[in-house]
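Take a look at the structure set out below.
The values are calculated or read from the model by the stated rules, or taken from the named source; none is laboratory data. Computed from a predicted model, the values in this text were never measured in an experiment. Ideal geometry is used to build each Cβ from the backbone, glycine not excepted, and the neighbour counts take in all protein chains shown.
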Amino acid sequence: MTTGSSILRLGLPSGSLQEATFALFAKAGFAIHVSNRSYKPTVDDPELQIRLLRAQEISRYVEHGFLDCGLTGHDWIIENGSDVETVCELTFSKGSSGPTRWVLAVPEDSPIRSVKDLEGKRVATEAVGLTRRFLEQNGVHAEVEFSWGATEVKVPDLVDAIVDVTSTGSSLRANKLRILEVVLTSSPRLIVNKAAWAEPWKRSKIERLVLLLTGALNARDKVGLKMNIEQARLDALLKALPALRNPTIAHLAHPGWVAVETIIDEKIVREIIPQLKELGAEGIIEYPLNKVVY
């Protein structure tokens, strides 16, 4: 039976990262369900209590102990100046496996060529603190205003430049904007309240959670391969396919044959399987992976 002290309060981001976060937790073995307009999802682990919150808010609630831990972007930890323990980086986003970037951007035809040219200018952004610190570091005095959204459309009519978040830069290009500098590169981080991190049960629970989440990320874009091959042809297969240099090899009941099992990047499977066949492999099986724990 789970007691009140055996509950880990976990904050997860709502909005654009929610679907990708739920998918990551599913691969890690946690089924999360949320009904319409509910910010209290259910999860098939009685030791977890999940709250859905805006990513911008999570680090503050973790810092002040309303949550034991949370998943939020490195950018919002920096923006809020939150005093929390960062346990691990989990590099994923709604559209890619790479980090996002906060960038300083201006119209394509703007005379502004560097951050130094922003002296006395106006900048719009959702990350006001982050932007002000960036300008201060560059010795620039500019007016920074909070943007409630659609930041790209505010230049050049309302402001001279923007600091906005992007993964690919496609939205900025579509709005005829030019990137001057990268202000910050960000990815999701699992953060913990420092008092909670000092509690043995909570720390152990968080460490087990991290093991499963990182295992799920390690398995991303990879598949497992199994095959059988004659022992006499094994060396040729390994030499021809460097990707299989560290496979698991087991002897079969049939004399002179071995089973080979390995993990490879999914994107090269279509090239490798025909080569395996040509090299004498039989019974080739490709299978998906949920977790790879190193």
* Structure fact -> Among residues of the stretch 10-68 being under 19 Å from THR86 (Cβ atoms) and of a type in the set (Val, Ile, Thr), the residue modelled with the lowest pLDDT is THR21
* Among all residue pairs at least 6 apart or on different chains, which show Cβ distances below 8 Å where the first residue, located in the stretch 18-35, is among the charged types (D, E, K, R) and the second is in a helix (DSSP H, G or I) and buried (at least 17 other Cβ atoms within 10 Å of the Cβ)? -> LYS27/ALA216
* Given (1) out of contact with any Cys (no Cβ under 8 Å at 6 or more places or on another chain); (2) of a type in the set (A, V, I, L, M); (3) touching a residue at least 24 places away in the same chain (Cβ under 8 Å), index of the condition LEU190 fails -> (1)
* To do: Pairs only if they're at least six apart or on different chains, beta carbon under 7 angstrom, first in the stretch 108-130 and among the β-branched types (Val, Ile, Thr), second surrounded by 17 or more Cβ atoms within 10 Å (Cβ to Cβ) and part of a loop (DSSP other than H, G, I, E, B); list them, first residue then second.
  => ILE112/ASP160; VAL115/VAL140; VAL123/ALA142; VAL123/VAL159; VAL123/ASP160; THR125/SER147
* Structure fact -> Restricting attention to the stretch 203-239, the residues that are touching a helix residue (DSSP H, G or I) at 6+ places or on another chain (Cβ under 7 Å), charged (D, E, K, R) and part of a helix (DSSP H, G or I) number exactly 1
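Each row is one residue, and each column tells you yes or no for (1) within 30 Å of GLU57 (Cα to Cα); (2) in contact with a Lys or Arg (Cβ under 6 Å, 6 or more places away or on another chain).
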position: SER187; (1), (2): yes, no
position: ALA196; (1), (2): yes, yes
position: VAL223; (1), (2): no, no
position: LYS239; (1), (2): no, no
position: ALA281; (1), (2): no, no
position: PRO288; (1), (2): no, no
* Here is a list of conditions, (1) modelled with pLDDT under 95; (2) assigned to a strand (DSSP E or B); (3) touching a Leu at 6+ places or on another chain (Cβ under 7 Å), and GLU152 meets all of them except one; can you say which number that is? -> (2)
* Please verify whether the stretch 114-131 includes one or more residues that are surrounded by fewer than 17 Cβ atoms within 10 Å (Cβ to Cβ), among the hydroxyl-bearing types (Ser, Thr, Tyr) and over 24 Å from the mean Cα position of the chain (by Cα). => yes
* For the stretch 78-97, indicate whether the set of residues that are among the aliphatic types (A, V, I, L, M), modelled with pLDDT under 95 and farther than 24 Å from SER187 by Cβ is non-empty. => no
* Single match in THR131, THR168 (criterion: hydroxyl-bearing (Ser, Thr, Tyr), modelled with pLDDT of 95 or more and not in a strand (DSSP E or B)) -> THR131
* Consider only pairs whose beta carbons are under 8 Å apart and that are at least six residues apart or on different chains; among these, list those whose first residue lies in the stretch 134-160 and is acidic (Asp, Glu) and whose second residue is assigned to a helix (DSSP H, G or I) and modelled with pLDDT of 95 or more. => GLU145/VAL128; ASP160/LEU118
* Right, LYS222: within 30 Å of ILE32 (Cβ to Cβ) and not hydroxyl-bearing (Ser, Thr, Tyr) or not? -> yes
* Structure fact -> In the stretch 171-201, residues that are modelled with pLDDT of 95 or more, in a helix (DSSP H, G or I) and not hydrophobic (A, V, I, L, M, F, W, C) total 2
* Would you pick out the residues in the stretch 252-268 that are surrounded by fewer than 16 Cβ atoms within 10 Å (Cβ to Cβ), out of contact with any helix residue (DSSP H, G or I) (no Cβ under 8 Å at 6 or more places or on another chain) and aliphatic (A, V, I, L, M)? -> LEU252, ALA253, ALA259
* **Tally of residues being under 21 Å from THR125 (Cβ atoms) and among the small types (Gly, Ala, Ser) across the stretch 31-86** => 5
* Which ones in the stretch 240-286 are modelled with pLDDT of 90 or more, in a helix (DSSP H, G or I) and over 29 Å from the mean Cα position of the chain (by Cα)? -> ILE273, PRO274, GLN275, LEU276, LYS277, GLU278
